[in-house]
């Protein structure tokens, strides 16, 4: 796989992941609708910073290990493949019929004294305290590293690209809160997005299982 092929494949998969409704989307949508666009932008920025932190951790922790150890590569490969196929199968077989714009995590978060720093911190913690993000980055990013490319900087590049996609998506959500919110609440929309994402995850899980170091 060349660098160009890697970036194209990753952009498609990461772009689909970005627009699939989840906790991050719910937090930004709710904040834009209830608190205003400025607070929603700060929450989105916090989420993106969290993605970069996860990406840095994966790049620094896995880059050298994957290059040096065949056992580590094989273990991570099968763990990631199983996780992706399991995640994809659940989305394919049990797609959601609704998307909650008002997640419990957003309501239960304590009110911050500093409004500006509070929403930035809320978005950051929402991302960092979600272990699924870390597990997904560990299983997802390394499979897009082409042969003969240093893993650590390339993995961070992929995380940065995902962060940029997140910024663009959050900006779109904030600019069109009501129409996008109504669209994402439609049962048919949620089911299609879940099944399409599930199909992509299963495909990449199979691809990862057949990958070589």
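Could you say whether any residue in the range 189-207 is in a loop (DSSP other than H, G, I, E, B), out of contact with any helix residue (DSSP H, G or I) (no Cβ under 9 Å at 6 or more places or on another chain), at pLDDT below 80 and surrounded by fewer than 15 Cβ atoms within 10 Å (Cβ to Cβ)? Taking every residue of the range 189-207 in turn, none turns out to be in a loop (DSSP other than H, G, I, E, B), out of contact with any helix residue (DSSP H, G or I) (no Cβ under 9 Å at 6 or more places or on another chain), at pLDDT below 80 and surrounded by fewer than 15 Cβ atoms within 10 Å (Cβ to Cβ). Can we say residue 64 is at pLDDT 70 or above and part of a helix (DSSP H, G or I)? The answer is no for residue 64.
In the range 129-156, which residue that is surrounded by fewer than 18 Cβ atoms within 10 Å (Cβ to Cβ) and part of a helix (DSSP H, G or I) is modelled with the highest pLDDT? This residue is 153. The set of residues in the range 168-188 being modelled with pLDDT of 85 or more and surrounded by 15 or more Cβ atoms within 10 Å (Cβ to Cβ) consists of 169, 170, 171, 173, 174. Could you figure out which of (1) at pLDDT 75 or above; (2) under 18 Å from the mean Cα position of the chain (by Cα); (3) surrounded by 15 or more Cβ atoms within 10 Å (Cβ to Cβ) isn't true of residue 101? For residue 101, the failing item is (1).
Please verify whether residue 17 is over 19 Å from the mean Cα position of the chain (by Cα) and modelled with pLDDT of 75 or more, treating the condition exactly as stated. In short, no.
The values are calculated or read from the model by the stated rules, or taken from the named source; none is laboratory data. Everything quoted here is computed from the prediction, not taken from an experiment. Positions of Cβ are generated from backbone atoms using ideal geometry, with glycine treated the same way; all protein chains shown enter the neighbour counts.
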